[in-house]
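S.K.: For reference, the structure I am asking about is given below.
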Amino acid sequence: MRPLNSVVCIKPVPDERFWDKIRLDPKTGTLRRKGIPIELCSVEKSALEEALRIREARGGKVTVISMGPPGTEEILEWGIVLGADEGVLLSDREFAGADTLATAYALAEGIKKLGGADLIFLGNESLDGSTGQVGPQVAEFLDMQHVTHVSKLDLIDDDTLRAKFHIEFGYIDVEVKMPVVLAVEKDINEPRVPSIWGAVWIQERKIDCWTAEDVGADKSRLGLPGSPTQVSDVKTIELKRKGEMLSGEPSDIAKQLFQKLRADKVLPEA
Ligand SMILES: Cc1cc2nc3c(=O)[nH]c(=O)nc-3n(C[C@H](O)[C@H](O)[C@H](O)COP(=O)(O)OP(=O)(O)OC[C@H]3O[C@@H](n4cnc5c(N)ncnc54)[C@H](O)[C@@H]3O)c2cc1C
């Protein structure tokens, strides 16, 4: 059995506990994320877990890769604490403003510089953008086959694996040859919690930071210039409704409710 190398694409997403603090900049229409902590997206923890289990069964190496602004190292550090062997951050002003296509192109160029992999793991959909486009696009750029919505994986032999993928009202089992891109669903496994060894690994293992030039990318295909998607308008939904608690005996509450509904002209005058 030969060892298998995996690359896992992980993306920084705003910490779910702070989502109500994210605001839209009315002038630029972009998200104001300053001061919002980032976290490793839960579906990508499952993607990493799958790669770690394969390394434990077969040997090989697990690399985590992310494209993001400075500070994204934190996500890669989490990947290493959970067990990845190394991390790569693609960070450069040239990558800024990337839509899914330009993101996938940059990731594919980074993966090429790593020398490719037998298995490339992604989440099926990220927690925030949720387009589900990046996995198939990475596969196209790398000229590799891909399977999305993967909910179970079994290695058959040195070159083949069986993937169970989710469709509406059921599942399909396919056998695919490696190398392959796999976009996994969150329920594929139960991700591990970090072990005490994570504190050692973070000291010993390295995170490289690569620019567009480092990966030899065509700059016209990166960032905003390389993004065919244009966001024409973004709106914040103003929530005008508010809740109110009525207290007292049930009969008093019913009377108060009638009065309020009449005052608001929801019910006709008595
Ligand atoms: C015109 C335009 C401009 C944009 N400008 C910006 C911007 O300036 N800054 C910004 O933060 N976002 C920007 N975005 C959003 C950005 O394009 C998305 O965050 C990104 O393409 C991923 O899309 P998604 O979350 O829908 O991916 P999905 O396809 O839902 O993600 C699937 C999986 O792909 C992998 N993945 C996705 N993105 C990354 C990544 N960056 N690194 C590693 N793995 C990844 C993960 O494994 C993830 O689970 C812009 C979008 C548009 C349309």
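The values are calculated or read from the model by the stated rules, or taken from the named source; none is laboratory data. Since we're looking at a predicted model, the values are computed, not measured. Every residue, glycine among them, receives a Cβ derived from its backbone with ideal geometry; neighbour counts consider all protein chains shown.
S.K.: State the number of residues belonging to the stretch 216-225 that are touching an Asp or Glu at 6+ places or on another chain (Cβ under 8 Å) and within 13 Å of the ligand (Cβ to nearest atom).
M.R.: Restricting attention to the stretch 216-225, the residues satisfying the condition of being touching an Asp or Glu at 6+ places or on another chain (Cβ under 8 Å) are 216-217, 219, 222-223.
Checking the rest, the ones that are also within 13 Å of the ligand (Cβ to nearest atom) come to 222-223.
Qualifying residue count for the region: 2.
S.K.: A further question on this structure: So residue 226 fits all but one of (1) surrounded by fewer than 17 Cβ atoms within 10 Å (Cβ to Cβ); (2) more than 23 Å from residue 64 (Cβ to Cβ); (3) under 23 Å from the mean Cα position of the chain (by Cα); what number is the exception?
M.R.: Here residue 226 meets the rest and fails (1).
S.K.: Mind counting the residues in the stretch 15-48 that are among the β-branched types (Val, Ile, Thr) and modelled with pLDDT under 85?
M.R.: Pass one, the stretch 15-48, residues among the β-branched types (Val, Ile, Thr): 22, 28, 30, 36, 38, 43.
Of the ones still in play, those that are also modelled with pLDDT under 85 are 22, 28, 30.
Residues that pass the stated criteria total 3.
S.K.: If you don't mind, there's one more thing I want to ask. Where residues in the stretch 82-124 are assigned to a loop (DSSP other than H, G, I, E, B) and of a type in the set (S, T, N, Q), which of them is nearest to the ligand (Cβ to nearest atom)? Outline the logic, then answer.
M.R.: Our first condition is that a residue be assigned to a loop (DSSP other than H, G, I, E, B); within the stretch 82-124, this holds for 83-85, 91-92, 96-99, 114-118, 124.
Next cut, of a type in the set (S, T, N, Q) only: 91, 124.
Numbers: 91: 10, 124: 7 Å.
Looking at residues that are assigned to a loop (DSSP other than H, G, I, E, B) and of a type in the set (S, T, N, Q), I get 124.
S.K.: Take the residues of the stretch 5-58 that are of a type in the set (S, T, N, Q) and either closer than 16 Å to residue 72 by Cβ or within 15 Å of the ligand (Cβ to nearest atom) (or both): which is surrounded by the most Cβ atoms within 10 Å (Cβ to Cβ)?
M.R.: Of the residues in the stretch 5-58, the ones of a type in the set (S, T, N, Q) are 5-6, 28, 30, 42, 46.
Then keep just the ones that are either closer than 16 Å to residue 72 by Cβ or within 15 Å of the ligand (Cβ to nearest atom) (or both); that gives 6, 28, 30, 42, 46.
Working: 6: 25, 28: 9, 30: 11, 42: 13, 46: 22.
Out of the qualifying residues, it is 6.
S.K.: Still on this structure, I have one more. Right, residue 186: touching a strand residue (DSSP E or B) at 6+ places or on another chain (Cβ under 6 Å) and either at pLDDT below 95 or basic (Lys, Arg) (or both) or not?
M.R.: Values: touching a strand residue (DSSP E or B) at 6+ places or on another chain (Cβ under 6 Å): no; either at pLDDT below 95 or basic (Lys, Arg) (or both): yes.
Answer is no for this residue.
S.K.: Here's something else I'd like to know. Could you please find all residues in the stretch 229-262 being touching a helix residue (DSSP H, G or I) at 6+ places or on another chain (Cβ under 9 Å), of a type in the set (Asp, Glu) and surrounded by 10 or more Cβ atoms within 10 Å (Cβ to Cβ)?
M.R.: None; the set is empty.
S.K.: I've got another one for you. Scan the stretch 31-50 and tell me whether some residue there is closer than 22 Å to residue 235 by Cβ, β-branched (Val, Ile, Thr) and not in a strand (DSSP E or B).
M.R.: Yes: the stretch 31-50 contains one or more residues that are closer than 22 Å to residue 235 by Cβ, β-branched (Val, Ile, Thr) and not in a strand (DSSP E or B).
S.K.: Of everything in the stretch 219-262, what is among the charged types (D, E, K, R) and modelled with pLDDT of 90 or more? Give them in sequence order.
M.R.: Of the residues in the stretch 219-262, the ones among the charged types (D, E, K, R) are 219, 221, 233, 235, 238, 240-242, 244, 249, 252, 255, 260, 262.
219, 221, 249, 252, 255, 260, 262 - these are the residues of the stretch 219-262 that are among the charged types (D, E, K, R) and modelled with pLDDT of 90 or more.
S.K.: Separate question: When the stretch 145-160 is examined, which residues are found to be without any contact (Cβ under 8 Å) to a residue 24 or more places away in the chain and not acidic (Asp, Glu)?
M.R.: Within the stretch 145-160, 156, 160 meet the criteria.
S.K.: On the given criteria, is residue 221 closer than 30 Å to residue 88 by Cβ, basic (Lys, Arg) and surrounded by 11 or more Cβ atoms within 10 Å (Cβ to Cβ)? Show your work before the answer.
M.R.: Values: closer than 30 Å to residue 88 by Cβ: yes; basic (Lys, Arg): yes; surrounded by 11 or more Cβ atoms within 10 Å (Cβ to Cβ): yes.
Yes, satisfied.
S.K.: Can I ask one more? Report yes if residue 139 is surrounded by 12 or more Cβ atoms within 10 Å (Cβ to Cβ), within 15 Å of the ligand (Cβ to nearest atom) and of a type in the set (Gly, Ala, Ser), otherwise no.
M.R.: The answer is yes for residue 139.
S.K.: Quick test for you: out of 103, 72, pick the one residue that is under 21 Å from residue 234 (Cβ atoms) and within 14 Å of the chain's Cα centre (by Cα). Lay out the reasoning, then the answer.
M.R.: Numbers: 72 fails: under 21 Å from residue 234 (Cβ atoms).
After ruling out the rest, the residue left standing is 103.
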